[in-house]
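Asks: Quick one: the structure is below, questions incoming.
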Amino acid sequence: DEEFDELCFEFGLELDEITSEKDIISKEKGEEKAKGASDVILYKIDVPANRYDLLCLEGLVRGLQVFKERINVPRYEKVIPAEGESQRLIITEQTVQIRPHAVAAVLRNITFTKESYESFIDLQEKLHQNICRKRALVAIGTHDLDTISGPFTFTAKAPSEIKFKPLNQSQEYTASQIMDLYRTDSHLRHYLHLIENKPRYPVIYDSNGVVLSMPPIINGDHTKISLNTRNVFIECTGTDITKAKIVLDIIVTMFSEYCEKPFTVEAAEVVYPNGKTHIYPELAYRKEKVKPELINKKLGISETPSSLAKLLTRMCLNSHVIGNGNHIEVEIPPTRADIIHACDIVEDAAIAYGYNNIQMVIPKTYTIANQLPLNKLSELLRLDLAAAGFTEALTFALCSQEDIADKLGMDISATNAVRIANPKTAEFQVARTTLLPGLLKTIAANRKMPLPLKLFEISDIVVKDPNTDVGARNYRHLCAIYYNKSPGFEIIHGLLDRVMQLLEVPPNEENGYMIKAAEGSAFFPGRCAEILAKGQSVGKLGVLHPDVITKFELTMPCSALEINIEPFV
């Protein structure tokens, strides 16, 4: 395990954790549910989002084998069948408004095992999630070619005119019924919106009118692939032709190793509405030239051109030195759509060289970092509040609407709070506009602790502000709370005096601070004061209203102080 972890790190990946299905279920749902789950060790590997060629076991193993120089980089070839024998996918103009692009290919004489079949399905799912942007840009369909006969037609029809038996269902449905059927499906309902409100739905037929699929929702049951499938027809439809080509290239390069002639793919013809034809997959190899000194300079290493070429070859980029060592010619294979610019090649050279092998040097630029004044003040205040016998709490920056409005006797519109558009739980609906609810909830959770409870927090609150570029603004607040059998107003008042003493603000009206009677919805009438400092109101202190205390499930009186510390920086 440790060696594999090390290898992943060297290759620029991260072995996230070593677990098993049983472990995962018991963590999420408890020991009971995990009974009978498999104990087989699973490696969770983090793959960078740009490396689509490492999203399945086949590609990952191939990449690592080349990296360890155990095998040479495979050469992917497309086989163009004799005239008139290749599979054709005809695109009609009806698709233009919905999903205008389609590409296709065939994997001939392929042999699946249970593992490789699952990996094949899994790769499609992973590609759907990232490069296909949840099927919005591209949707992949794989079909058993022996159950259908070409040429195939990609068209769009009214939902009522499309009728077929969807994958793993027992009867035929029309397209509108299929939409209703999958509205509650945890997996497929997320894709319905892509075509739901369109007048026509995209659909692919074979020459006998058999439905292959209704992208991007579901394939037909008739063409489903199984372990016995020998010939696979792959189609990718989408709104982005570049992404569709990449997706097709990745699928065929990854799984062509199981074909009778490994790493060969049978090409298919796509006929566009204007009558033009194009052969897919493109499987385009291209050559780029890079100067060795550019790589050495960018990485801070000094390798010879030939050793740099060797490093790049280990990253599946076949390279060799040309022209007296002035340039390295790098061949970019169809699996590496992420190589767009010279810097991508430099990055791969760095990975193969090993980040840990690059010598550390002091940078040529001379800069000294400094603490942000506001953070420095917050840190200093935290130390002194702790010295005054208060315990620091750190609470969530998000809370429910009740916490900052109803429970404190205010209206939500008056708080000016920033709302979350799609909150996952009721506890996290808005950004806090005051630190008080967080501390009261902390006390409620610690009622069994011996009294008195003295807590404080110095953190940011967020309010809407139309004058800023993001429409909201943060303020650094200090909030302290005293909870005991008696309200302890004098203790909180004493803490305020101590804070002002530390901030060197004298207790007078002109240039110092003062408190004057005020009303606050969260405070007891006649037991609340506004704090004025440097000619502005910085906050309030007082005894909390009994209603507030009961709403937070507390039983004892409580006094609190909350001020904005930004004016004192």
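The values are calculated or read from the model by the stated rules, or taken from the named source; none is laboratory data. Values in this document were obtained by computation on a predicted structure and should not be read as measured data. We place every Cβ from the backbone using ideal geometry, glycine too, and count neighbours over all the protein chains shown. In case anyone asks, the SASA skips ligands and DNA or RNA and just uses the protein heavy atoms, side chains included. Shrake-Rupley method; radii C 1.70, N 1.55, O 1.52, S 1.80 Å.
Asks: Can you spot a residue in region 548-556 that is open to solvent by 10 Å² or more (accessible area, probe 1.4 Å), farther than 20 Å from R432 by Cα and in a loop (DSSP other than H, G, I, E, B)?
Replies: Yes, the conditions are met somewhere in region 548-556.
Asks: Might you let me know whether region 521-529 holds any residue that is among the polar types (S, T, N, Q), surrounded by 13 or more Cβ atoms within 10 Å (Cβ to Cβ) and in contact (Cβ under 8 Å) with a residue 12 or more places away in the chain?
Replies: Yes, the conditions are met somewhere in region 521-529.
Asks: Under 6 Å between Cβ atoms, which residue pairs at least 6 apart in sequence (or on different chains) link something in region 443-460 that is aliphatic (A, V, I, L, M) with a partner that is open to solvent by 60 Å² or more (accessible area, probe 1.4 Å)?
Replies: Once the first residue is aliphatic (A, V, I, L, M) and sits in region 443-460, its partners that are open to solvent by 60 Å² or more (accessible area, probe 1.4 Å) give A444/E553; L455/T391.
Asks: Look at region 267-312 and say how many of its residues are β-branched (V, I, T) and either open to solvent by 40 Å² or more (accessible area, probe 1.4 Å) or assigned by the TED database to the domain that holds H101 (or both).
Replies: Result for region 267-312: 5.
Asks: A further question on this structure: Pull up region 155-170, narrow it to residues that are part of a strand (DSSP E or B) and more than 15 Å from I195 (Cα to Cα), then point me to the one that is most open to solvent (accessible area, probe 1.4 Å).
Replies: K163
Asks: So F112 ticks every box in (1) modelled with pLDDT of 90 or more; (2) surrounded by 16 or more Cβ atoms within 10 Å (Cβ to Cβ); (3) within 30 Å of N356 (Cβ to Cβ) but one. Which box is left unticked?
Replies: Of (1) modelled with pLDDT of 90 or more; (2) surrounded by 16 or more Cβ atoms within 10 Å (Cβ to Cβ); (3) within 30 Å of N356 (Cβ to Cβ), only one is false for F112: (3).
Asks: Being in a helix (DSSP H, G or I) and closer than 23 Å to V96 by Cβ is the filter; apply it to region 179-226 and report the residue that is most open to solvent (accessible area, probe 1.4 Å).
Replies: H193
Asks: With the condition kept exactly as written, say whether any residue in region 385-393 is under 32 Å from the mean Cα position of the chain (by Cα) and not in a helix (DSSP H, G or I).
Replies: Scanning region 385-393 turns up at least one residue that is under 32 Å from the mean Cα position of the chain (by Cα) and not in a helix (DSSP H, G or I).
Asks: Moving on to the next point. What is the number of the single condition among (1) of a type in the set (A, V, I, L, M, F, W, C); (2) open to solvent by 30 Å² or more (accessible area, probe 1.4 Å); (3) in contact with a strand residue (DSSP E or B) (Cβ under 8 Å, 6 or more places away or on another chain); (4) under 15 Å from R336 (Cα atoms) that I80 does not meet?
Replies: In the conditions (1) of a type in the set (A, V, I, L, M, F, W, C); (2) open to solvent by 30 Å² or more (accessible area, probe 1.4 Å); (3) in contact with a strand residue (DSSP E or B) (Cβ under 8 Å, 6 or more places away or on another chain); (4) under 15 Å from R336 (Cα atoms), I80 misses (4) alone.
Asks: Taking the condition hydrophobic (A, V, I, L, M, F, W, C) and closer than 30 Å to V418 by Cα, does F568 pass?
Replies: Yes, satisfied.
Asks: Can you spot a residue in region 453-466 that is under 30 Å from V569 (Cα atoms), at pLDDT 90 or above, open to solvent by 60 Å² or more (accessible area, probe 1.4 Å) and part of a loop (DSSP other than H, G, I, E, B)?
Replies: yes
Asks: Still on this structure, please answer the following. Among the numbered criteria (1) touching a residue at least 24 places away in the same chain (Cβ under 8 Å); (2) open to solvent by 90 Å² or more (accessible area, probe 1.4 Å); (3) within 30 Å of G300 (Cα to Cα); (4) aliphatic (A, V, I, L, M), which one does I362 miss?
Replies: (1)
Asks: Which numbered condition in (1) open to solvent by less than 70 Å² (accessible area, probe 1.4 Å); (2) more than 29 Å from I339 (Cα to Cα) is the only one that E28 fails?
Replies: (1)
Asks: Could you list all residues from region 496-511 that are open to solvent by 10 Å² or more (accessible area, probe 1.4 Å) and within 45 Å of the chain's Cα centre (by Cα)?
Replies: L502, L503, listed by residue number.
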